[in-house]
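Here's the structure, in structure tokens; my notes come after.
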Amino acid sequence: MVSRYIAMALTQVSSNKCCNGYQKVFEHDSSELKCKMKFAIYLPPKAESSKCPVLYWLSGLTCTEQNFITKAGSQQAASEHGIIVVAPDTSPRGCNIEGEDESWDFGTGAGFYVNATQEPWKTNYRMYSYVTEELPRLINSNFPADPEKMSISGHSMGGHGALICALKNPGKYKSVSAFAPICNPIQCAWGQKAFSGYLGPDKSTWELYDATVLAESYSGPELDILIDQGRDDQFLSSSQLLPDNLIAACSKKKIPVVFRLQQGYDHSYYFIFSFINDHIKHHAKYLNA
């Protein structure tokens, strides 16, 4: 029992009062990723007296748990709607895998929210299981979280992560949203690089982590998807994001998607900051129902 307790132990790294709640960062030993991991958690004032629903936020390439909590301005709306917001890191860290720090779009900071099957990545690079299983277990057992009420959102690589987590687990998340998600990774350079490295040459295994492919075969409770995309996003014009493919798949399956092309906005956190309140309101509608 002792070793299990240690595995679940959390170390508080920081705590700052914010919007009458607390923005905290914790570190723990991850059983899935076999390394120390940090995650950020915002506890709204409501969490002091009752259980709250949880919104999971998945960040994009090169990010840590810090980017979202310092740049997105999510705390105000989370405080008002009584939602706990959890933002994990984007990959395992410091695993001493050869090549892990060689490029910004693969390895460290670029876990792509998959469970790797290839050497030398498969032992540590299990972000899909970390985000969908280990982290919610940890949050539900250590914080005043309502385990029945979870939603998920993210940006870019994390938007891809949010979409696949929701589509692969019908009913697990009450709602899903994304900012500039990588919608069809098997068809874009980022996805092809990551998937061939983590999942190997058999492209049928790639389809298990592609939102467009997953939408084509989705059957489950109605999932309400909100996507914001900046019109002046350089990665939209360079065909890394491919939202049209996902929208086509969703309309074929009658999955409701609100897709908003935002004039003049780019791929940055200035864009996320501008529309984060709409996203939290979208999730609150389902989480507080």
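Per-structure values
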read-out	value
Range of Cα positions in the range 1-155 per principal axis (Å), largest first	46, 39, 26
Separation in nanometres of the label points that stand 7 Å from Cα toward Cβ, at residue 270 and residue 16	2.1 nm
Label-point separation, residue 193 to residue 96 (7 Å along Cα→Cβ), nm	2.7 nm
1.4 Å probe accessible area per residue over the range 160-289, in Å²	43 Å²
Segments 227-233, 23-29, 262-268 sorted - mean Cβ within 10 Å per residue, highest first	227-233, 23-29, 262-268
Antiparallel content of DSSP bridges confined to the chain, in %, to 5	50 percent
Share of carbon and sulfur in the accessible heavy-atom surface of the chain [1.4 Å probe, %]	49 percent
Sorted largest first, extent of the chain alpha carbons per principal axis (Å)	45, 41, 34
Residues listed by number, the range 94-118, amide nitrogen under 16 Å from residue 186 label point at 7 Å toward C-beta	114-115
Candidates per GluC sites (Glu not before Pro) in the range 94-191, loop by DSSP, up to 10 other Cβ within 10 Å	98, 102
FRET efficiency, residue 50 to residue 168 (Cβ-Cβ, R0 22 Å, nearest 0.05)	0.15
Spin-label pair residue 104/residue 251, simplified geometry with 7 Å Cα→Cβ offset, distance in nm	3.4 nm
Accessible area of the range 75-134 divided out per residue, in Å², using a probe of 1.4 angstrom	36 Å²
Pairwise FRET efficiency - residue 36 versus residue 237, Cβ, R0 = 41 Å, nearest 0.05	0.60
FRET efficiency for residue 71 and residue 258, using Cβ-Cβ distance with R0 set to 22 Å, rounded to 0.05	0.40
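The values are calculated or read from the model by the stated rules, or taken from the named source; none is laboratory data. Everything quoted here is computed from the prediction, not taken from an experiment. Don't worry about glycine lacking a Cβ; one is built from the backbone with ideal geometry, like all the others, and counts go over all protein chains shown. Remember, those area values only see protein heavy atoms, side chains included, never the ligands or the DNA or RNA. Shrake-Rupley method; radii C 1.70, N 1.55, O 1.52, S 1.80 Å.
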